[in-house]
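Colleague: Can you keep this structure in mind? I'll have questions shortly.
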Amino acid sequence: MKATRAEPITPLPSADGPVTTPWGVLSWTQAWEMALPGVVIGVITGLIAGGLAAVAGLSVAVVLVTGVGLALPVAAVGAYYELLLARGKAPLGTLGPMALVWTIAFPPIRVVQAALTDLVAGDSVAVPHGWAAFIVYQVLVAVPFAIGYWWLHENFAARWWFHIRERNPVADYFVRVALQYAGAAEEEKERQRQRREARRAKRLR
């Protein structure tokens, strides 16, 4: 989704500890709704990590620590990023800010997860080649992880926003931006089609 702006809406009052955004004042429940996509992506990440540990034949305890040790911090950082979007601190639909967040957050998350995994396993199952090589590798894969997170976010968050738009002013704004962009993209596609047909007709004369 291209970074796009629409006119802000008038903030709506809330009685449940408001979170102020440029497009409305959210209650804590509404803020949680906006953070939910990041939490869900964190849970999915943890399930994948735990599943890989299970396939490798590690013990149930190690599988749980591997999965939970990744799911919880990724969910927390994901929720933080979603709230950055909701508060207008990060532009909607762009990869750069998300890549920056995960470049900073992902290596420490993996270091802590690996340390806990090795502690429970009693062996260097998570860091078989030493900590230096492990940390360098995590720094390198942080951006690809951010790209994967961005892809999941772009494909699933918008569906969630559409579901809650009637009760959440920020979700409603984000949906309107997406619809404006989709409409502009469709108009541009139609203009390109008309230009192609005009060129074709000109060649046939």
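Colleague: Could I have the simple spin-label model distance between Leu119 and Leu72, label points 7 Å from Cα toward Cβ, reported in nm to one decimal?
Modeller: 1.0 nm
Colleague: Now, a different point. So who's got an amide H within less than 5 Å of the one on Thr21, skipping anything under 5 residues away but keeping other chains? H placed 1.01 Å off N, in plane.
Modeller: Hits under the 5 Å cutoff: Leu26.
Colleague: Sticking with this structure for a sec: Considering the Cα trace of region 136-177, what is its radius of gyration and what is Dmax, both in angstroms?
Modeller: Values for region 136-177 (Cα only, Rg and Dmax): 14.4, 45 Å.
Colleague: Quick check on packing: order 147-160, 81-94 by the mean number of other C-beta atoms within 10 Å, highest mean leading.
Modeller: On the way: 147-160: 16.4, 81-94: 19.1.
By packing density, highest mean first, the sequence is 81-94, 147-160.
Colleague: Separate question: May I ask you to rank Val63, Val125 by accessible area, largest first, using a 1.4 Å probe over the protein chains only?
Modeller: Working: Val63 30, Val125 60 Å².
So, going from the largest accessible area down, we get Val125, Val63.
Colleague: Still on this structure, please answer the following. At what distance in nm do the modelled label points of Tyr137 and Ala56 sit from each other, each positioned 7 Å from its Cα along Cα→Cβ?
Modeller: That separation, rounded to one decimal, is 0.9 nm.
Colleague: Could you sort Tyr173, Tyr137 by their accessible area in this structure, using a 1.4 Å probe and putting the largest first?
Modeller: From most exposed to least exposed: Tyr137, Tyr173.
Colleague: Contour minus end-to-end for Leu84 and Asn155, with contour as 0.36 nm per residue of separation and end-to-end as the Cα-Cα distance?
Modeller: Gain in length upon complete extension: 23.7 nm.
Colleague: Counting only the backbone N, which residues of region 65-97 are under 20 Å from the spot 7 Å out from the Cα of Ile147 toward its beta-carbon?
Modeller: Answer for this model: 93-97.
Colleague: Determine, from the Cβ-Cβ distance of Ile48 and Thr20 and an R0 of 41 Å, the FRET efficiency 1/(1 + (r/R0)^6), rounded to the nearest 0.05.
Modeller: 0.70
Colleague: Let me ask something additional. From largest accessible area down, sort Val25, Val112, Val74; use a 1.4 Å probe on the protein chains.
Modeller: If we order Val25, Val112, Val74 from most to least accessible, we get Val112, Val25, Val74.
The values are calculated or read from the model by the stated rules, or taken from the named source; none is laboratory data. All values derive from a computational prediction rather than experimental measurement. Ideal geometry is used to build each Cβ from the backbone, glycine not excepted, and the neighbour counts take in all protein chains shown. Side chains are part of the model used for accessible areas, which takes the heavy atoms of the whole protein and leaves out ligands, DNA and RNA. Shrake-Rupley method; radii C 1.70, N 1.55, O 1.52, S 1.80 Å.
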